[in-house]
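Chemist: Pasting a structure here, questions to come.
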Amino acid sequence: MDILEKPSYLSNKEMLERCLLLKKVLDAKTEKQIGRGKTTQTIQANKYDINTLHYKRIANSCEHYQKKVDMETSSGITFRDYQLDIIEQGTAILQASGFLYLAMEVRTGKTLTSLGIAKNIDAKNVLFITKKKAISSIQSDYNMLSCSFDIQIINYESLHLVADNEQWDLIICDEAHSMGAFPKPSNRAVAVKDLLKKYKSKVILLSGTPTPESYCQMYHQVYGIKGNPFSEYKNFYRFCDDYVNIKERKINGLIIKDYSGGNTSILDEMRPYTINYTQAEAGFLSKVNETILQVELQPKTYELMLKLKRDLVIQGKGETVLADTPVKLLSKVHQLCSGTIKFESGNSMVLDTSKAEFIKEHFKGKKIGIFYKFKEELNALKKVFDDSLTTELDVFNATDKHIALQIVSGREGISLKAADCLVFYNIDFSATSYWQSKDRMTTKDRLVNDVYWIFAVGGIEFDIYKAVTAKLDYTVSHFKKLLL
(Lines give C-alpha, C1' and ligand atoms only; values in the text may rest on other atoms or scores of the structure.)
Protein backbone atom coordinates (compact mmCIF):
# COMPACT_ATOMS: atom_id res chain seq x y z
CA MET A 1 0.00 0.00 0.00
CA ASP A 2 1.42 3.38 -1.06
CA ILE A 3 1.55 5.62 2.01
CA LEU A 4 3.33 8.67 3.37
CA GLU A 5 6.42 7.67 5.35
CA LYS A 6 6.42 8.74 8.98
CA PRO A 7 9.39 10.86 10.13
CA SER A 8 11.17 9.28 13.12
CA TYR A 9 10.40 12.25 15.38
CA LEU A 10 6.61 11.79 15.04
CA SER A 11 4.44 9.30 16.89
CA ASN A 12 1.78 7.30 15.03
CA LYS A 13 -0.89 9.48 16.60
CA GLU A 14 0.84 12.67 15.44
CA MET A 15 1.30 11.25 11.94
CA LEU A 16 -2.36 10.27 11.82
CA GLU A 17 -3.36 13.83 12.78
CA ARG A 18 -1.22 15.23 9.95
CA CYS A 19 -2.68 12.83 7.40
CA LEU A 20 -6.24 13.59 8.50
CA LEU A 21 -5.53 17.30 8.23
CA LEU A 22 -4.16 16.86 4.69
CA LYS A 23 -7.18 14.81 3.71
CA LYS A 24 -9.50 17.42 5.21
CA VAL A 25 -7.86 20.12 3.08
CA LEU A 26 -8.15 18.01 -0.07
CA ASP A 27 -11.77 17.18 0.74
CA ALA A 28 -12.66 20.88 1.03
CA LYS A 29 -15.67 21.87 -1.11
CA THR A 30 -16.79 25.08 -2.73
CA GLU A 31 -19.99 26.14 -4.49
CA LYS A 32 -19.85 25.99 -8.26
CA GLN A 33 -22.46 26.94 -10.82
CA ILE A 34 -23.04 24.74 -13.83
CA GLY A 35 -25.34 25.19 -16.80
CA ARG A 36 -26.81 28.39 -18.30
CA GLY A 37 -29.96 30.42 -17.93
CA LYS A 38 -32.85 28.51 -16.41
CA THR A 39 -30.77 25.32 -16.22
CA THR A 40 -28.16 26.91 -13.97
CA GLN A 41 -27.43 24.78 -10.86
CA THR A 42 -25.24 25.33 -7.81
CA ILE A 43 -23.33 22.25 -6.74
CA GLN A 44 -20.63 21.33 -4.22
CA ALA A 45 -17.33 20.73 -6.01
CA ASN A 46 -13.76 20.10 -4.93
CA LYS A 47 -12.09 23.34 -3.98
CA TYR A 48 -8.72 22.18 -5.37
CA ASP A 49 -7.62 20.20 -8.37
CA ILE A 50 -6.42 16.89 -6.97
CA ASN A 51 -4.14 14.30 -8.50
CA THR A 52 -5.98 10.99 -8.01
CA LEU A 53 -2.82 9.06 -7.09
CA HIS A 54 -1.80 11.67 -4.53
CA TYR A 55 -5.26 11.65 -2.96
CA LYS A 56 -5.25 7.84 -2.76
CA ARG A 57 -1.85 7.91 -1.09
CA ILE A 58 -3.10 10.26 1.62
CA ALA A 59 -6.28 8.22 2.11
CA ASN A 60 -4.17 5.05 2.43
CA SER A 61 -1.99 6.82 5.00
CA CYS A 62 -5.01 7.77 7.10
CA GLU A 63 -6.17 4.15 7.11
CA HIS A 64 -2.66 2.81 7.83
CA TYR A 65 -1.88 5.08 10.79
CA GLN A 66 -5.41 4.76 12.19
CA LYS A 67 -4.89 0.99 12.44
CA LYS A 68 -1.60 1.54 14.25
CA VAL A 69 -3.14 3.98 16.72
CA ASP A 70 -6.07 1.62 17.31
CA MET A 71 -3.67 -1.23 18.04
CA GLU A 72 -1.64 0.91 20.45
CA THR A 73 -4.62 2.23 22.37
CA SER A 74 -6.55 -1.06 22.57
CA SER A 75 -3.69 -3.27 23.71
CA GLY A 76 -2.60 -1.47 26.85
CA ILE A 77 1.03 -1.59 25.68
CA THR A 78 3.04 0.24 23.06
CA PHE A 79 4.18 -1.80 20.10
CA ARG A 80 7.26 -0.60 18.27
CA ASP A 81 6.60 0.74 14.79
CA TYR A 82 8.19 -2.25 13.07
CA GLN A 83 6.04 -4.60 15.16
CA LEU A 84 2.89 -2.78 14.04
CA ASP A 85 4.04 -3.09 10.43
CA ILE A 86 4.70 -6.81 10.85
CA ILE A 87 1.32 -7.30 12.55
CA GLU A 88 -0.36 -5.69 9.53
CA GLN A 89 1.66 -7.69 6.97
CA GLY A 90 1.39 -10.90 8.97
CA THR A 91 -2.37 -10.59 9.30
CA ALA A 92 -2.73 -10.34 5.52
CA ILE A 93 -0.47 -13.38 4.90
CA LEU A 94 -2.17 -15.48 7.59
CA GLN A 95 -5.67 -14.73 6.34
CA ALA A 96 -4.70 -15.43 2.73
CA SER A 97 -2.67 -18.63 3.17
CA GLY A 98 -3.55 -20.01 6.61
CA PHE A 99 0.03 -19.96 7.87
CA LEU A 100 2.83 -17.51 8.54
CA TYR A 101 6.50 -17.83 9.48
CA LEU A 102 7.85 -14.97 11.62
CA ALA A 103 11.63 -15.25 11.24
CA MET A 104 12.47 -12.47 13.69
CA GLU A 105 15.83 -12.41 15.42
CA VAL A 106 15.99 -12.81 19.19
CA ARG A 107 14.85 -9.89 21.33
CA THR A 108 12.92 -8.21 18.48
CA GLY A 109 9.61 -9.20 20.11
CA LYS A 110 8.29 -12.02 17.96
CA THR A 111 6.13 -13.43 20.79
CA LEU A 112 4.32 -10.14 21.37
CA THR A 113 4.03 -9.60 17.62
CA SER A 114 2.42 -13.01 17.12
CA LEU A 115 -0.10 -12.27 19.88
CA GLY A 116 -0.84 -8.95 18.16
CA ILE A 117 -1.59 -10.83 14.95
CA ALA A 118 -3.84 -13.25 16.84
CA LYS A 119 -5.75 -10.27 18.19
CA ASN A 120 -5.91 -8.67 14.76
CA ILE A 121 -7.52 -11.71 13.11
CA ASP A 122 -10.13 -11.91 15.91
CA ALA A 123 -8.92 -15.33 17.08
CA LYS A 124 -11.08 -16.87 19.79
CA ASN A 125 -8.95 -19.79 21.05
CA VAL A 126 -5.17 -19.82 20.69
CA LEU A 127 -2.80 -22.68 21.51
CA PHE A 128 0.74 -21.39 22.10
CA ILE A 129 3.40 -24.14 22.06
CA THR A 130 6.78 -23.27 23.50
CA LYS A 131 9.53 -24.45 25.83
CA LYS A 132 8.71 -24.97 29.50
CA LYS A 133 11.10 -22.23 30.65
CA ALA A 134 9.36 -19.65 28.45
CA ILE A 135 5.76 -20.25 29.60
CA SER A 136 5.72 -17.62 32.37
CA SER A 137 7.19 -14.93 30.07
CA ILE A 138 4.59 -15.59 27.37
CA GLN A 139 1.79 -15.56 29.94
CA SER A 140 3.03 -12.15 31.09
CA ASP A 141 2.96 -10.81 27.51
CA TYR A 142 -0.57 -12.17 27.06
CA ASN A 143 -1.74 -10.49 30.28
CA MET A 144 -0.21 -7.13 29.28
CA LEU A 145 -1.84 -7.24 25.86
CA SER A 146 -5.36 -7.42 27.31
CA CYS A 147 -6.33 -9.94 24.66
CA SER A 148 -9.91 -10.77 23.76
CA PHE A 149 -9.01 -14.38 22.94
CA ASP A 150 -8.48 -17.31 25.29
CA ILE A 151 -5.04 -18.92 25.32
CA GLN A 152 -3.44 -22.14 26.48
CA ILE A 153 0.35 -22.03 26.76
CA ILE A 154 1.95 -25.44 26.80
CA ASN A 155 5.37 -26.99 26.17
CA TYR A 156 6.02 -29.41 23.31
CA GLU A 157 6.49 -32.38 25.63
CA SER A 158 2.98 -31.90 27.08
CA LEU A 159 0.99 -31.76 23.84
CA HIS A 160 -0.69 -35.05 24.73
CA LEU A 161 -2.45 -33.11 27.51
CA VAL A 162 -4.23 -30.74 25.12
CA ALA A 163 -7.95 -31.04 25.82
CA ASP A 164 -9.98 -32.83 23.14
CA ASN A 165 -12.99 -30.60 23.71
CA GLU A 166 -11.20 -27.40 22.65
CA GLN A 167 -11.29 -25.98 19.13
CA TRP A 168 -8.13 -24.06 18.31
CA ASP A 169 -8.53 -21.56 15.49
CA LEU A 170 -4.87 -20.54 15.77
CA ILE A 171 -1.81 -22.52 16.84
CA ILE A 172 1.47 -20.67 17.44
CA CYS A 173 4.66 -22.78 17.45
CA ASP A 174 7.51 -21.02 19.21
CA GLU A 175 11.16 -21.93 18.41
CA ALA A 176 9.85 -23.77 15.35
CA HIS A 177 13.34 -24.76 14.22
CA SER A 178 13.31 -27.33 17.03
CA MET A 179 10.94 -29.34 14.80
CA GLY A 180 13.45 -29.35 11.96
CA ALA A 181 15.19 -32.72 12.49
CA PHE A 182 15.75 -34.79 9.35
CA PRO A 183 15.64 -37.19 7.55
CA LYS A 184 13.16 -38.61 10.09
CA PRO A 185 10.74 -36.19 11.80
CA SER A 186 11.18 -35.58 15.53
CA ASN A 187 8.47 -36.56 18.01
CA ARG A 188 7.46 -32.94 18.47
CA ALA A 189 7.12 -32.42 14.70
CA VAL A 190 4.84 -35.45 14.51
CA ALA A 191 2.81 -34.27 17.52
CA VAL A 192 2.26 -30.83 15.96
CA LYS A 193 1.33 -32.40 12.62
CA ASP A 194 -1.30 -34.54 14.37
CA LEU A 195 -2.74 -31.46 16.09
CA LEU A 196 -3.00 -29.54 12.82
CA LYS A 197 -4.64 -32.47 11.09
CA LYS A 198 -7.20 -32.69 13.89
CA TYR A 199 -8.06 -29.00 14.35
CA LYS A 200 -7.29 -27.57 10.87
CA SER A 201 -6.07 -24.41 12.59
CA LYS A 202 -4.28 -21.41 11.19
CA VAL A 203 -0.58 -21.55 12.11
CA ILE A 204 2.13 -19.07 13.05
CA LEU A 205 5.69 -20.41 13.27
CA LEU A 206 8.25 -18.40 15.26
CA SER A 207 12.03 -18.60 15.18
CA GLY A 208 15.04 -16.33 15.28
CA THR A 209 17.04 -19.01 13.43
CA PRO A 210 14.69 -20.99 11.14
CA THR A 211 17.42 -23.11 9.52
CA PRO A 212 20.52 -22.80 11.73
CA GLU A 213 22.45 -25.73 10.25
CA SER A 214 20.75 -26.73 6.99
CA TYR A 215 17.95 -25.40 4.77
CA CYS A 216 16.54 -28.94 4.94
CA GLN A 217 15.42 -28.16 8.49
CA MET A 218 12.48 -26.31 6.99
CA TYR A 219 10.71 -29.42 5.66
CA HIS A 220 9.46 -30.97 8.93
CA GLN A 221 8.65 -27.56 10.41
CA VAL A 222 5.91 -27.07 7.81
CA TYR A 223 5.05 -30.59 6.57
CA GLY A 224 1.94 -30.78 8.76
CA ILE A 225 0.55 -27.46 7.48
CA LYS A 226 -2.09 -27.68 4.78
CA GLY A 227 -1.01 -25.81 1.66
CA ASN A 228 2.65 -25.57 2.60
CA PRO A 229 4.92 -25.19 -0.47
CA PHE A 230 6.24 -28.77 -0.12
CA SER A 231 2.90 -30.50 0.38
CA GLU A 232 3.16 -32.38 -2.92
CA TYR A 233 6.01 -34.49 -1.50
CA LYS A 234 4.79 -37.46 0.53
CA ASN A 235 7.96 -37.56 2.65
CA PHE A 236 11.36 -35.99 3.21
CA TYR A 237 13.15 -38.29 0.75
CA ARG A 238 10.90 -37.26 -2.17
CA PHE A 239 11.39 -33.63 -1.14
CA CYS A 240 15.15 -34.24 -1.41
CA ASP A 241 14.76 -35.31 -5.05
CA ASP A 242 14.11 -31.69 -6.01
CA TYR A 243 15.65 -29.58 -3.26
CA VAL A 244 18.72 -31.36 -1.84
CA ASN A 245 22.20 -32.11 -3.12
CA ILE A 246 22.61 -35.58 -1.57
CA LYS A 247 26.18 -36.71 -0.85
CA GLU A 248 27.63 -39.96 0.37
CA ARG A 249 30.09 -40.11 3.26
CA LYS A 250 32.11 -43.01 4.61
CA ILE A 251 31.83 -43.28 8.40
CA ASN A 252 33.41 -46.20 10.26
CA GLY A 253 33.49 -48.20 7.03
CA LEU A 254 29.81 -47.59 6.23
CA ILE A 255 28.50 -45.49 3.34
CA ILE A 256 26.05 -42.97 4.79
CA LYS A 257 23.87 -40.58 2.79
CA ASP A 258 24.20 -36.94 3.82
CA TYR A 259 20.97 -35.00 3.30
CA SER A 260 22.16 -31.68 4.74
CA GLY A 261 22.90 -30.02 1.37
CA GLY A 262 19.63 -28.17 0.95
CA ASN A 263 19.31 -25.66 -1.88
CA THR A 264 18.49 -21.98 -1.36
CA SER A 265 15.36 -22.62 -3.44
CA ILE A 266 13.83 -23.99 -0.20
CA LEU A 267 13.86 -20.45 1.21
CA ASP A 268 12.57 -19.08 -2.09
CA GLU A 269 9.51 -21.35 -1.79
CA MET A 270 8.90 -20.13 1.76
CA ARG A 271 9.29 -16.44 0.96
CA PRO A 272 5.55 -15.69 0.34
CA TYR A 273 4.74 -17.00 3.83
CA THR A 274 7.71 -15.53 5.69
CA ILE A 275 8.46 -12.18 7.32
CA ASN A 276 12.14 -11.72 8.18
CA TYR A 277 13.32 -9.10 10.63
CA THR A 278 16.76 -8.56 12.12
CA GLN A 279 18.08 -6.86 15.24
CA ALA A 280 19.87 -4.33 13.00
CA GLU A 281 16.58 -3.39 11.34
CA ALA A 282 15.02 -2.99 14.79
CA GLY A 283 17.74 -0.52 15.74
CA PHE A 284 19.70 -2.78 18.08
CA LEU A 285 23.21 -1.44 18.51
CA SER A 286 24.30 -3.95 21.13
CA LYS A 287 27.66 -5.69 20.90
CA VAL A 288 28.57 -9.05 22.40
CA ASN A 289 31.99 -9.12 24.05
CA GLU A 290 33.21 -12.69 24.50
CA THR A 291 36.03 -13.50 26.91
CA ILE A 292 37.61 -16.91 27.50
CA LEU A 293 38.86 -17.52 31.05
CA GLN A 294 40.93 -20.62 31.80
CA VAL A 295 40.85 -22.58 35.05
CA GLU A 296 43.38 -25.10 36.33
CA LEU A 297 41.54 -28.23 37.46
CA GLN A 298 42.68 -30.45 40.32
CA PRO A 299 45.58 -32.84 39.46
CA LYS A 300 43.39 -35.90 40.07
CA THR A 301 40.97 -34.73 37.35
CA TYR A 302 43.75 -34.58 34.75
CA GLU A 303 44.94 -38.02 35.87
CA LEU A 304 41.47 -39.48 35.28
CA MET A 305 41.27 -37.80 31.86
CA LEU A 306 44.64 -39.22 30.82
CA LYS A 307 43.79 -42.73 32.06
CA LEU A 308 40.47 -42.73 30.23
CA LYS A 309 42.06 -41.68 26.93
CA ARG A 310 44.73 -44.38 27.35
CA ASP A 311 42.73 -47.32 28.74
CA LEU A 312 39.13 -46.38 27.70
CA VAL A 313 37.96 -47.55 31.14
CA ILE A 314 38.30 -46.52 34.79
CA GLN A 315 37.33 -49.16 37.33
CA GLY A 316 36.47 -47.86 40.80
CA LYS A 317 35.31 -49.62 43.96
CA GLY A 318 31.64 -49.50 43.11
CA GLU A 319 31.39 -47.70 39.78
CA THR A 320 32.86 -47.93 36.28
CA VAL A 321 33.58 -45.27 33.69
CA LEU A 322 33.50 -46.86 30.25
CA ALA A 323 34.52 -45.13 27.03
CA ASP A 324 34.59 -48.03 24.58
CA THR A 325 33.36 -45.98 21.59
CA PRO A 326 34.58 -42.62 20.24
CA VAL A 327 31.24 -41.02 21.08
CA LYS A 328 31.38 -42.18 24.72
CA LEU A 329 35.01 -41.15 25.05
CA LEU A 330 34.17 -37.66 23.76
CA SER A 331 31.30 -37.35 26.23
CA LYS A 332 33.32 -38.58 29.23
CA VAL A 333 36.29 -36.29 28.52
CA HIS A 334 33.88 -33.39 28.05
CA GLN A 335 32.32 -34.13 31.46
CA LEU A 336 35.70 -34.35 33.20
CA CYS A 337 36.70 -30.97 31.76
CA SER A 338 34.10 -29.45 34.06
CA GLY A 339 34.71 -31.75 37.00
CA THR A 340 31.82 -34.24 36.71
CA ILE A 341 31.35 -37.79 35.47
CA LYS A 342 28.48 -40.13 34.64
CA PHE A 343 29.12 -43.79 35.46
CA GLU A 344 28.13 -46.85 33.44
CA SER A 345 25.43 -47.56 36.05
CA GLY A 346 23.69 -44.27 35.22
CA ASN A 347 24.74 -42.60 38.46
CA SER A 348 26.78 -39.40 38.29
CA MET A 349 29.13 -37.53 40.60
CA VAL A 350 30.85 -34.19 41.15
CA LEU A 351 34.62 -34.77 41.19
CA ASP A 352 36.03 -31.25 41.01
CA THR A 353 34.45 -27.88 41.83
CA SER A 354 37.34 -25.76 40.55
CA LYS A 355 35.25 -24.09 37.84
CA ALA A 356 32.36 -23.26 40.18
CA GLU A 357 34.73 -21.83 42.81
CA PHE A 358 36.46 -19.71 40.17
CA ILE A 359 33.13 -18.33 38.93
CA LYS A 360 31.98 -17.41 42.44
CA GLU A 361 35.21 -15.59 43.20
CA HIS A 362 35.80 -13.94 39.83
CA PHE A 363 32.27 -12.54 39.45
CA LYS A 364 31.79 -11.47 43.06
CA GLY A 365 29.45 -8.48 43.28
CA LYS A 366 27.78 -9.18 39.93
CA LYS A 367 24.37 -10.70 39.18
CA ILE A 368 25.12 -13.47 36.70
CA GLY A 369 23.36 -15.96 34.48
CA ILE A 370 25.21 -19.28 34.34
CA PHE A 371 24.78 -21.83 31.58
CA TYR A 372 25.79 -25.44 32.17
CA LYS A 373 25.65 -28.53 29.93
CA PHE A 374 25.52 -31.71 32.03
CA LYS A 375 23.00 -32.14 34.86
CA GLU A 376 25.69 -32.96 37.43
CA GLU A 377 27.28 -29.57 36.75
CA LEU A 378 24.24 -27.97 38.40
CA ASN A 379 25.04 -29.93 41.57
CA ALA A 380 28.61 -28.62 41.44
CA LEU A 381 27.28 -25.07 41.19
CA LYS A 382 24.81 -25.63 44.04
CA LYS A 383 27.61 -26.97 46.26
CA VAL A 384 29.56 -23.76 45.82
CA PHE A 385 26.84 -21.10 45.49
CA ASP A 386 24.37 -22.65 47.99
CA ASP A 387 21.25 -20.45 48.50
CA SER A 388 22.49 -17.62 46.26
CA LEU A 389 21.58 -19.66 43.16
CA THR A 390 18.18 -20.34 41.57
CA THR A 391 16.96 -22.18 38.49
CA GLU A 392 13.70 -20.21 38.24
CA LEU A 393 13.48 -17.13 36.00
CA ASP A 394 10.82 -15.42 38.16
CA VAL A 395 13.03 -15.74 41.27
CA PHE A 396 16.06 -14.47 39.36
CA ASN A 397 14.17 -11.39 38.17
CA ALA A 398 12.71 -10.63 41.61
CA THR A 399 15.79 -11.20 43.82
CA ASP A 400 19.55 -10.73 43.82
CA LYS A 401 20.15 -14.45 43.24
CA HIS A 402 22.14 -15.78 40.30
CA ILE A 403 20.46 -18.20 37.87
CA ALA A 404 21.72 -21.50 36.46
CA LEU A 405 20.18 -22.86 33.26
CA GLN A 406 20.96 -25.89 31.17
CA ILE A 407 22.14 -24.68 27.76
CA VAL A 408 19.60 -26.51 25.58
CA SER A 409 16.56 -25.65 27.72
CA GLY A 410 17.63 -22.06 28.41
CA ARG A 411 18.95 -21.00 25.01
CA GLU A 412 15.54 -20.07 23.60
CA GLY A 413 12.45 -18.11 24.53
CA ILE A 414 13.69 -16.39 27.70
CA SER A 415 15.34 -13.08 28.54
CA LEU A 416 18.17 -12.70 31.04
CA LYS A 417 18.24 -8.92 30.73
CA ALA A 418 18.48 -8.64 34.53
CA ALA A 419 21.95 -10.23 34.43
CA ASP A 420 25.13 -8.17 34.51
CA CYS A 421 26.83 -10.83 32.39
CA LEU A 422 26.51 -14.42 31.15
CA VAL A 423 28.93 -17.12 32.28
CA PHE A 424 29.25 -20.48 30.51
CA TYR A 425 30.34 -23.23 32.89
CA ASN A 426 30.67 -25.51 29.87
CA ILE A 427 30.02 -25.37 26.12
CA ASP A 428 27.59 -27.38 24.02
CA PHE A 429 28.52 -29.17 20.79
CA SER A 430 25.68 -27.46 18.90
CA ALA A 431 26.28 -24.33 16.83
CA THR A 432 22.63 -23.42 17.42
CA SER A 433 23.19 -23.48 21.18
CA TYR A 434 26.20 -21.19 20.82
CA TRP A 435 24.49 -18.51 18.73
CA GLN A 436 21.22 -18.47 20.65
CA SER A 437 22.31 -18.83 24.27
CA LYS A 438 24.91 -16.07 24.20
CA ASP A 439 22.24 -13.60 23.05
CA ARG A 440 19.96 -14.02 26.08
CA MET A 441 20.85 -10.62 27.60
CA THR A 442 20.33 -8.56 24.45
CA THR A 443 17.83 -5.71 24.64
CA LYS A 444 17.36 -2.68 22.42
CA ASP A 445 18.74 -0.38 25.13
CA ARG A 446 21.78 -2.42 26.22
CA LEU A 447 24.83 -1.42 24.20
CA VAL A 448 27.25 -4.10 25.42
CA ASN A 449 26.69 -7.72 26.47
CA ASP A 450 29.53 -9.40 28.35
CA VAL A 451 29.79 -13.16 27.85
CA TYR A 452 32.42 -15.30 29.57
CA TRP A 453 33.49 -18.85 28.71
CA ILE A 454 35.13 -20.87 31.49
CA PHE A 455 37.45 -23.45 29.94
CA ALA A 456 39.73 -25.96 31.67
CA VAL A 457 43.44 -25.59 31.04
CA GLY A 458 44.28 -28.44 28.67
CA GLY A 459 40.59 -29.28 28.11
CA ILE A 460 38.67 -29.75 24.86
CA GLU A 461 36.35 -26.77 25.30
CA PHE A 462 38.42 -24.37 23.18
CA ASP A 463 38.39 -26.84 20.29
CA ILE A 464 34.58 -27.05 20.56
CA TYR A 465 34.42 -23.26 20.66
CA LYS A 466 36.38 -22.97 17.40
CA ALA A 467 33.91 -25.31 15.69
CA VAL A 468 30.66 -23.72 16.86
CA THR A 469 31.80 -20.14 16.22
CA ALA A 470 32.31 -21.26 12.62
CA LYS A 471 28.65 -22.43 12.66
CA LEU A 472 29.71 -26.09 12.71
CA ASP A 473 28.49 -28.66 15.20
CA TYR A 474 31.37 -30.27 17.11
CA THR A 475 31.47 -33.95 16.18
CA VAL A 476 33.49 -37.08 16.94
CA SER A 477 35.61 -36.43 13.84
CA HIS A 478 36.82 -33.18 15.43
CA PHE A 479 37.61 -35.01 18.66
CA LYS A 480 39.54 -37.81 16.92
CA LYS A 481 41.98 -35.25 15.48
CA LEU A 482 42.94 -34.27 19.04
CA LEU A 483 43.73 -37.89 19.91
CA LEU A 484 46.11 -38.41 16.97
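Chemist: Taking interchain pairs and intrachain pairs at least six residues apart, which have beta carbon atoms under 7 angstrom, with the first residue in region 122-134 and within 19 Å of residue 167 (Cα to Cα) and the second open to solvent by 30 Å² or more (accessible area, probe 1.4 Å) and at pLDDT below 90?
Modeler: Going by the 7 Å Cβ cut-off, the qualifying pairs are 125/166; 125/167.
Chemist: Then there's this: Quickly run through region 202-215 and pick out the residues that are modelled with pLDDT under 95 and either within 22 Å of residue 93 (Cβ to Cβ) or in a helix (DSSP H, G or I) (or both).
Modeler: Selection gives 207, 208, 209, 210, 211, 215.
Chemist: I want to confirm something. Restricting to region 1-41 and keeping residues that are of a type in the set (S, T, N, Q) and open to solvent by 80 Å² or more (accessible area, probe 1.4 Å), which single residue is nearest to residue 84 (Cα to Cα)? Full working, then the answer.
Modeler: We begin by selecting, within region 1-41, every residue of a type in the set (S, T, N, Q); these are 8, 11-12, 30, 33, 39-41.
When the remaining residues are screened for being open to solvent by 80 Å² or more (accessible area, probe 1.4 Å), the result is 8, 33, 39, 41.
Values: 8: 15, 33: 46, 39: 53, 41: 48 Å.
Of everything passing the filter in region 1-41, 8 is nearest to residue 84 (Cα to Cα).
Chemist: Among the helices (runs of 4 or more DSSP H) lying completely within region 3-118, list those that include at least 2 residues that are closer than 30 Å to residue 175 by Cα.
Modeler: Working: elements: 12-26, 52-75, 81-97.
Hits in region 3-118: 52-75, 81-97.
Chemist: Turning to a different aspect of this structure: Taking region 113-171 on its own, how many of its residues are among the charged types (D, E, K, R) and farther than 27 Å from residue 407 by Cβ? Walk me through how you get there before you give the answer.
Modeler: Step one: of region 113-171, the residues among the charged types (D, E, K, R) are 119, 122, 124, 131-133, 141, 150, 157, 164, 166, 169.
Add one more test, that the residue is farther than 27 Å from residue 407 by Cβ, and what stays is 119, 122, 124, 150, 164, 166, 169.
Within region 113-171, residues that are among the charged types (D, E, K, R) and farther than 27 Å from residue 407 by Cβ number 7.
Chemist: Go through (1) closer than 28 Å to residue 178 by Cα; (2) without any contact (Cβ under 8 Å) to a residue 24 or more places away in the chain one by one and return the number of the condition residue 405 breaks.
Modeler: Evaluating residue 405 over (1) closer than 28 Å to residue 178 by Cα; (2) without any contact (Cβ under 8 Å) to a residue 24 or more places away in the chain leaves (2) as the failure.
Chemist: Looking only at region 155-193, count every residue that is open to solvent by 10 Å² or more (accessible area, probe 1.4 Å) and in a strand (DSSP E or B) and tell me the total.
Modeler: Summing the residues that are open to solvent by 10 Å² or more (accessible area, probe 1.4 Å) and in a strand (DSSP E or B) in region 155-193 gives 1.
Chemist: A further question follows. Kindly provide the set of residues from region 350-366 that are surrounded by fewer than 15 Cβ atoms within 10 Å (Cβ to Cβ), at negative phi and not in a helix (DSSP H, G or I), ordered by number.
Modeler: 364, 366
Chemist: Taking region 120-139 as the region of interest, how many residues are open to solvent by less than 30 Å² (accessible area, probe 1.4 Å) and assigned to a helix (DSSP H, G or I)?
Modeler: Final tally of qualifying residues: 2.
Chemist: If you don't mind, another one. Whether any residue in region 67-82 is surrounded by 17 or more Cβ atoms within 10 Å (Cβ to Cβ) and at pLDDT 85 or above is what I want to check.
Modeler: So far as region 67-82 goes, no, none of its residues is surrounded by 17 or more Cβ atoms within 10 Å (Cβ to Cβ) and at pLDDT 85 or above.
Chemist: Before we move on, is residue 363 touching a residue at least 24 places away in the same chain (Cβ under 8 Å), among the aromatic types (Phe, Trp, Tyr) and more than 24 Å from residue 133 (Cα to Cα)?
Modeler: When the stated conditions are applied, residue 363 passes them.
Chemist: Another one. Can you tell me how many residues within region 306-334 are among the aliphatic types (A, V, I, L, M), open to solvent by 50 Å² or more (accessible area, probe 1.4 Å) and closer than 20 Å to residue 463 by Cα?
Modeler: Number satisfying all stated conditions: 2.
Chemist: Only residues that are more than 19 Å from residue 272 (Cα to Cα) and loosely packed, with under 13 Cβ neighbours inside 10 Å: list them for region 201-234, please.
Modeler: Within region 201-234, just 234 meets the criteria.
Chemist: I would also like to ask the following. Pick from region 337-349 the residues that are more than 20 Å from residue 295 (Cα to Cα), of a type outside the set (A, V, I, L, M, F, W, C) and in contact with an Asp or Glu (Cβ under 8 Å, 6 or more places away or on another chain): which of them is least open to solvent (accessible area, probe 1.4 Å)?
Modeler: Filtering first and then ranking leaves 348.
Chemist: Which residues, counting only those in region 260-292, are in contact with a helix residue (DSSP H, G or I) (Cβ under 7 Å, 6 or more places away or on another chain), among the hydroxyl-bearing types (Ser, Thr, Tyr) and outside any loop (DSSP other than H, G, I, E, B)?
Modeler: Listed by number, the residues that qualify are 265, 273, 277.
The values are calculated or read from the model by the stated rules, or taken from the named source; none is laboratory data. Keep in mind that this is a model prediction, so the values were computed, not measured. A quick note on method: Cβ atoms are made from the backbone with ideal geometry, for glycine too, and the neighbour counts reach across all protein chains shown. To get the accessible areas, we keep the full protein, side chains included, count just its heavy atoms, and leave off ligands, DNA and RNA. Shrake-Rupley method; radii C 1.70, N 1.55, O 1.52, S 1.80 Å.
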